[in-house]
Amino acid sequence: MTTFSRRASLKAIGALFGSALGTRIGARTWEREAMAAPSPNACVVSIFFEGGFNALFSSADSFVGKGSFGVTSSNAKNVGNGLFVDASTIGALGPWALSHMAAIGNRHGATDHVSAQRNNFIAEGRSLPLQLAAAMGGDAAFKAVALGGLPVPGPSTTEAGVSLQLLRTMSDVETALGVGAVDLALPARGVAAKAIGGSRAMSQQSLKNNPSSMSFARDAYDTTIGSLTRPPIAIDVAGVAQAYRTTSGASLDSVAAKLAAAELMIRSGTNVITLSDTGWDTHGDRTGNTVRQKMSASVIPALKTFLSRIRSEPDLAAMNISVILHGDFARSLPGSDHAPALSALVIGPNVKVGTTGKVSASVSLAPSTGGSKEMWSYLAAVAKAPQSPFGANPHALVL
């Protein structure tokens, strides 16, 4: 994994090799510009709820009988084909989202936070999002990015040359894409690309002799050069930020800011994007009021904006963009603790309404339900990836 804070990034590569990344890519100084996207592409956006994702959002009818988590027949919305969601939160996302939504079960087998978080993203020692990003193809410089923070702490990893690039602020995103005002003190992007290419050539033996310890530098070289050699397109970064009620220089510490950054990266051709929200380890939330209020305040408004824009903005509407809402695990009964199951929600143009994530009244899934690898196999299917690195998709909820 490559992070901007570790100087294995676009900003840092300039400091490391004396070739700061300028934005002199065209004569128009007032226009935000970035590398060109490939042909209409697909993207999967993972929104991860650190601490857990209560199944009342994705399997509300499971709790109607006893009123667990405050679920009643009046606040459980019937979406169709066996899928019931929480009416005041997920049910408020609008007609298009509700007609392209499925709950996907995941029996990843962990009830402690560290293992559960790793199991959502890693199987058999390999990164699931990076495998998907590599399988989806395209020629974007940034094929997989983490916004605000890494989904799983741990050692660096790559899949078929694809690494996860960490962007902590909107300024990092702008630097990654090469947008912003012209700084005449910095070299033109083509000049910088040649200089960094020369540095990579001189470092080739060291990179070869130290494939693990130098992986961050190799990834930074490849990503930076790939970014600098792309032709520009115009992107109104300030306008995108404004749509999410954030600013172009904001830290990525809210779901709104992260989704604004996600939109920018999608426009540049990124295949897989991960972002997280904290504070979902809701022990003692027996009524479900805590997670409902948090979902309504910090997630639903920004997610509605994002889902609306990917349908209304012509460049985005031409793409196949899917979103998965998931977390460590569901919350158990009676005390909203750690359940041995996860019921994720997926929204996208190729998603067929239904559920393989209906939990029991005791918040468990059927023994035949697959784990994280099968969940990512479903994401590969809705993304229409040319090939699936995860095997056959067992969740038959794809249009």
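No value in this document is a laboratory result; all are computed from the given coordinates. Just so it is clear, the structure is predicted and the values come from calculations on it, not from any experiment. Methodologically, a virtual Cβ is constructed for each residue, glycine included, from the backbone with ideal geometry; neighbour enumeration extends over all protein chains shown.
Length gained on full extension, K352 to Q387, computed as 0.36 nm times the residue gap minus the Cα-Cα distance: 10.6 nm. When the pairs K358/K384; K143/K384; K352/K384 are compared against a 22 Å limit on Cα-Cα distance, K358/K384 fall above it.
The 3J(HN,Hα) values that the Karplus relation (6.51, -1.76, 1.60; θ = phi - 60°) gives for the stretch 312-319 are, in residue order, 9, 7, x, 4, 7, 5, 7, 9 Hz. Gly and Pro appear as x. Where the centre of each part is set by its Cα atoms, how far does the stretch 112-138 sit from the stretch 325-361, in angstrom? Between the Cα centres of the stretch 112-138 and the stretch 325-361 lies a distance of 18 Å. Say R0 is 56 Å: what FRET efficiency, to the nearest 0.05, do S368 and Q205 get from their beta-carbon distance? After rounding to 0.05, the efficiency reads 0.60.
Taking the average, over residues, of other Cβ atoms within 10 Å as the packing measure, peptides 253-264, 358-369 rank 253-264, 358-369 from highest down.
Applying the Karplus relation 6.51 cos²θ - 1.76 cosθ + 1.60 with θ = phi - 60° to the stretch 117-134 yields 3J(HN,Hα) values of 5, 4, 5, 5, 10, 10, 9, 6, x, 10, 6, 5, x, 6, 4, 5, 4, 5 Hz, where x marks Gly and Pro. By definition, a body whose alpha carbon gyration tensor gives a ≥ b ≥ c is oblate when a/c is 1.5 or more and a/b is not larger than b/c, and the stretch 258-399 fits this oblate description. Shape call for the stretch 51-189 from the C-alpha gyration tensor, a ≥ b ≥ c root eigenvalues: rounded (a/c under 1.5), prolate (a/b greater than b/c) or oblate? Verdict is prolate for the stretch 51-189. In the structure shown, the pairs K208/K258; K258/K294; K304/K373 are assessed against 26 Å; a Cα-Cα span above that value is assigned to K208/K258; K304/K373.
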